[in-house]
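Asker: Handing you this structure, nothing more for now.
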Amino acid sequence: MTFQIIKTLAISSLRDRITLFYTVAFPLVLLFSLSIFFNEPSYRPVVLTGVVAISTLFWSIQGVAFQVLQQRTTGVYKLLQVTPFKTIAFVAHLTLARTFISLLVTFFIFFVGLFYFNLSITVGAFLNLTALLIFATICFTVLGFLIANLSMNEAQVSMVSSLVCFPMIFTSEAFYSLENAPAWFALIGKLFPFHYFIQGLQALVHNESSYFSLFILGLYLIAFLLITTVSFRSDQQGSLFSIRNNG
C-alpha cells in the first residue's frame, strides 16, 4: 500500500516539466557552461557542488509548492479528511516520493560532474553525501509546503518561492567566495539553510566531514516542520494572502 502510494505520487511529480527543466536540464547546461568559461581545476568542485545544490533546491521548494497548491485547489486534502487515510500520512508519502526522485536526479548530475571534471570521492564521503542530500531535500521540501500554505495561486507560489530561493543562492558561496564581501552580506547568507548545504557539499567533495551541516539542516528542518504544521490548510481560505485580502 505504502509503496503504491509513493509510486503514484512520484509519477505525478515527474509530470511537472517546468520543475524538471530547472532540476535536470538547467543544472547540466550550467555545469558545462561554467566549466568552459572558468576552466580552472580549483574551480571545478565549486561548480559541481553549486549545480547539485541548485538542482536540489529548485526540485524541493518550487516543485512541491506547485504540486501542493494543485492538490489543495483540486480538493485532495479536503477529500482526505473524510477518508481513513490521514493528511499527515499523505504529506509524508509525498515527501518520501519527492526525496527518492531528488536523490536519483542529484546522483545523476553529481556523477556526470565527477566524470566530466575527473574528480573522485571516497565511499565514506559518498555515504555522507547521501545523508546530506536526504536532510537537505526534506528540509527544503517542508519549506516548499510552507510556501504553498502562504499562497493562493500559481503566481503567488512563483513570487514567494523566488523571494526565498534567489536570496539564498546569491548570499551563499555556491559559485563565488564571500571572503571580500561586506560582513552584513555574509551574515545574511549564514541565516539561510542553503549556506550550510553548500558548506557540506564542498566539504564532501574534498573528502572532509559534513556533520556540522547535517546538524544545522536538522535544526532548520524541525523549525520548518513546526511552522508548516501550524499553518497547514486543507483549502485556500486559510492562506496568508487570503486573510490579508479579506481583512
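Asker: With contacts defined as alpha carbon pairs under 8 Å and 6 or more residues apart, what's the relative contact order of the chain in percent?
Answerer: 27
Asker: Let me ask you something else. Taking chymotrypsin sites (Phe, Trp or Tyr not before Pro) that fall in a DSSP loop and have at most 15 other Cβ atoms within 10 Å as cut points, what is the longest piece of the chain between them? Let's see the in-between values first.
Answerer: Details: sites that count: PHE38, PHE85, TYR176.
Answer - 86-175.
Asker: Looking at the square roots a ≥ b ≥ c of the eigenvalues of the Cα gyration tensor of the range 95-139, which shape do they give, rounded for a/c under 1.5, prolate if a/b is larger than b/c, or oblate? Don't skip to the end; give the middle numbers.
Answerer: Numbers: a/c = 3.19, a/b = 1.63, b/c = 1.95.
Verdict is oblate for the range 95-139.
Asker: Taking a ≥ b ≥ c as the square roots of the eigenvalues of the Cα gyration tensor of the range 50-208, is the shape rounded (a/c under 1.5), prolate (a/b larger than b/c) or oblate? Don't jump to the answer; show the numbers that get you there.
Answerer: Numbers: a/c = 2.57, a/b = 1.50, b/c = 1.72.
The shape class here is oblate.
Asker: Also: For the chain, return all DSSP H helices satisfying: extent of Cα atoms along own axis at least 15 Å; mean Kyte-Doolittle hydropathy at least -1.0. Before the final figure, lay out the partial values.
Answerer: On the way: long enough: 2-13 (16 Å, 0.96); 26-37 (16 Å, 2.42); 44-58 (21 Å, 1.65); 87-117 (44 Å, 1.93); 123-149 (39 Å, 2.06); 154-170 (23 Å, 1.39); 193-205 (19 Å, 0.78); 211-231 (30 Å, 2.13).
The answer, listed by residue number, is 2-13, 26-37, 44-58, 87-117, 123-149, 154-170, 193-205, 211-231.
Asker: Roughly what % of Cα-Cα distances in the range 92-175 sit above 16 Å, to the whole percent? Don't skip to the end; give the middle numbers.
Answerer: Numbers: 2263 of 3486 pairs.
Cα-Cα pairs of the range 92-175 separated by over 16 Å account for 65 percent.
Asker: How many angstrom lie between the Cα centre of the range 176-229 and the Cα centre of the range 103-174?
Answerer: The distance from the Cα centre of the range 176-229 to that of the range 103-174 comes to 12 Å.
Asker: Oh, and also: Counting only trypsin sites (Lys or Arg not before Pro) that sit in a DSSP loop (anything but H, G, I, E, B) with at most 14 other Cβ atoms within 10 Å, what is the longest stretch of the chain containing none of them? Before the final figure, lay out each step's value.
Answerer: Working: sites that count: ARG15, LYS86.
Excluding the exposed sites themselves, the longest stretch runs over 87-247.
Asker: I've got another one for you. Which sequence of SER120, SER213, SER162 reflects their accessible areas, 1.4 Å probe, from the largest down? Numbers along the way, then the final one.
Answerer: Working: SER120 85, SER213 5, SER162 35 Å².
These residues rank, largest area first, as SER120, SER162, SER213.
Asker: Give me the percent of the accessible area of the range 99-247 that comes from carbon and sulfur atoms, probe 1.4 Å, all protein chains in place. Don't skip to the end; give the middle numbers.
Answerer: Details: 5280 of 7500 Å².
It is 70 percent, rounded to a whole number.
The values are calculated or read from the model by the stated rules, or taken from the named source; none is laboratory data. Because the structure is a prediction, the values reported are computed rather than measured. Here the Cβ is made from the backbone with ideal geometry for all residues, glycine too, and neighbour counts use every protein chain on show. Side chains are part of the model used for accessible areas, which takes the heavy atoms of the whole protein and leaves out ligands, DNA and RNA. Shrake-Rupley method; radii C 1.70, N 1.55, O 1.52, S 1.80 Å.
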